[in-house]
Amino acid sequence: MKRVNAILAHPLYRECYARLEELEKDRIFCRHQMTHLLDVARIAYISNMEQGLGIEKEVIYAAALLHDIGKYVQYEDGTPHEQSGEKIASEILGSLSEKDAFSDEENRMILTAIRGHRRLREDADVLEKLLYTSDKASRMCFACPAEGECDWSTEKKNMELKI
């Protein structure tokens, strides 16, 4: 997981993640921190294996760890986090050292998945759909103490295990 660890160690990732963590420290609803990011990665990887999709593990983990990196921007100025996240992720991916870099195709897949993780397009790429479904499946509404106050629709809430 050398390339994924390079993302986690990247100064911009660390800065954005710290800003998000600070903004969500008192949040009673779903947070977008490491527990969530790793839950999404693990669910996506399991689904990838079960469905025989053939997506490389580090690509899945990179997309999952980066998919909410723009959330702090949404809190600060209202920009949808899939848009700001794609921009931030592009900067991070584009500045990795040659030995830690993802290929152009892998970068495209990761950025497309980040951009599409909130609303599933009809013609979604495989990783995009995998990230979307894993992100939603990661939410444990059935065990959330704030579930009654949450504005998600009943249809959207996970009131049972999805995977």
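The values are calculated or read from the model by the stated rules, or taken from the named source; none is laboratory data. Note that this is a predicted model, so its numbers are computed, not measured. Cβ: placed from backbone, ideal geometry, glycine included. Neighbour counts: every protein chain shown. For accessibility, only protein heavy atoms count, side chains too; no ligands or nucleic acids. Shrake-Rupley method; radii C 1.70, N 1.55, O 1.52, S 1.80 Å.
Taken over the stretch 25-52, residues that are modelled with pLDDT of 95 or more and surrounded by 15 or more Cβ atoms within 10 Å (Cβ to Cβ) amount to 11. Taking the criterion of being of a type in the set (D, E) and more than 16 Å from E15 (Cβ to Cβ), the residues of the stretch 74-105 that qualify are D77, E82, E86, E98, D100, D104, E105.
Here I88 passes the criteria (1) within 15 Å of E56 (Cβ to Cβ); (2) open to solvent by less than 50 Å² (accessible area, probe 1.4 Å); (3) hydrophobic (A, V, I, L, M, F, W, C) except the one numbered (1). Going by the structure shown, is K156 within 20 Å of the chain's Cα centre (by Cα), farther than 17 Å from V59 by Cα and part of a helix (DSSP H, G or I)? For K156, the condition - within 20 Å of the chain's Cα centre (by Cα), farther than 17 Å from V59 by Cα and part of a helix (DSSP H, G or I) - is not met. Each residue in the stretch 129-153 was checked for being over 18 Å from H36 (Cβ atoms) and either under 17 Å from the mean Cα position of the chain (by Cα) or open to solvent by less than 80 Å² (accessible area, probe 1.4 Å) (or both), and 3 pass.
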